[in-house]
Amino acid sequence: MAAFEGLAVGAKQGRSADVLPEFMKYLCGSHVVYFLDYSDHLDVIRVLHQRQDAERHL
C-alpha cells in the first residue's frame, strides 16, 4: 500500500513499461505495479509477480 501512496504523491517514480508504451511500471519487492500516470492521479492497472508474463496478463 505504501508503494501506491508513494507513486501517487510523486515520492516514488516508475519507468516506462516495455509491454505498452503508455503504461508505467514500478518494481515493489517481487511484484511489479503497472499503472497509467496522469497529471492529477494515477490508475493502477495490475500488480503482477515479477515471474508472470506481463504481455499475457495485461
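The values are calculated or read from the model by the stated rules, or taken from the named source; none is laboratory data. Since the structure is predicted, the reported quantities are computational estimates derived from the model, not experimental observations. As a convention, Cβ positions derive from the backbone with ideal geometry for all residues, glycine included, and neighbour counts pool all protein chains shown.
When Ala8 is tested against (1) surrounded by fewer than 15 Cβ atoms within 10 Å (Cβ to Cβ); (2) at pLDDT 90 or above; (3) of a type in the set (Gly, Ala, Ser), only condition (2) is not met. Among the residues of the range 1-37, those identified as closer than 15 Å to Asp53 by Cα and not aromatic (Phe, Trp, Tyr) are Ala17, Asp18, Val19, Leu20, Lys25, Leu27, Ser30, His31, Val32, Val33.
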